[in-house]
Amino acid sequence: MSKLPSLFIALTLAAAAASPAFGGKFGLGREATPEEIAGWDIDVRPDGQGLPAGKGTVAEGEEIFQTYCAVCHGEFGEGIDRWPALAGGRDSLKNDRPDKTVGSFWPYATTIFDYIRRAMPFGNAQSLSPDEIYALTAYILYLNDITKDPEFELNQANLPSVKMPNAGNFYDDDRETAEKQFWNKDPCMKDCKKTVEILGRARLLDVTPESKTSPRVD
């Protein structure tokens, strides 16, 4: 039998015994510089904290949208193929198949800026300037009739004050009180006689290729 596993274990234990306690410094790498931290610290809160200085109008955003976004999201935010729609769906959330767009579902306008800033355009994330992102956010708000002025200018001061249509329908998780009557400290674990009732079925998504045309997997 090879002695390598035993030697590896012995060396590992010796290194662990000689190393400092967890939570201390290990002498590896270096501390991140303020500039490096700033490169990651780009989140924007609902109250606007984290928004950079900048501004952009709806009209400017339309031009940028057609250049970078329309290929996936459509010229008017309607969505292309299976790419998500950004506009429409107002008052559809109670339907069997609601349209959860920016205008119909999202609670905060600052989330639009935050998401575009960190993730868009697809394939070239974080390539847009703050002014371009403000303009795109203004245009998406315009597509959803949240602002109706094509010359409306959005900036770090007025973005947090934009009220989204569905903002009032979000609430803290209250299952601890609202569903407490369903809790059972002694649940049935064997030979339970309750009838199973199917309340819903998975939505049919036609994404599985036919067997004759599906790619071969080796």
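The values are calculated or read from the model by the stated rules, or taken from the named source; none is laboratory data. Just so it is clear, the model here is predicted, and its values are computed rather than measured. Cβ: placed from backbone, ideal geometry, glycine included. Neighbour counts: every protein chain shown.
Structure notes:
- Some residue of region 101-108 being under 18 Å from the mean Cα position of the chain (by Cα), among the β-branched types (V, I, T), under 16 Å from A167 (Cα atoms) and surrounded by fewer than 19 Cβ atoms within 10 Å (Cβ to Cβ): no
- The single condition among (1) surrounded by 13 or more Cβ atoms within 10 Å (Cβ to Cβ); (2) without any contact (Cβ under 8 Å) to a residue 60 or more places away in the chain; (3) under 21 Å from L136 (Cβ atoms) that G50 does not meet is (2).
Residues checked against (1) over 28 Å from the mean Cα position of the chain (by Cα); (2) modelled with pLDDT under 80; (3) closer than 21 Å to Q49 by Cα; (4) not acidic (D, E):
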residue	(1), (2), (3), (4)
E151	yes, no, no, no
Q156	no, no, yes, yes
N169	no, no, no, yes
R175	no, no, no, yes
E179	no, no, no, no
W183	yes, no, no, yes
K190	yes, no, no, yes
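- Segments classed as helices (runs of 4 or more DSSP H), wholly inside region 29-113, with at least 1 members that are of a type in the set (D, E, K, R) and under 15 Å from D145 (Cα atoms): 58-68
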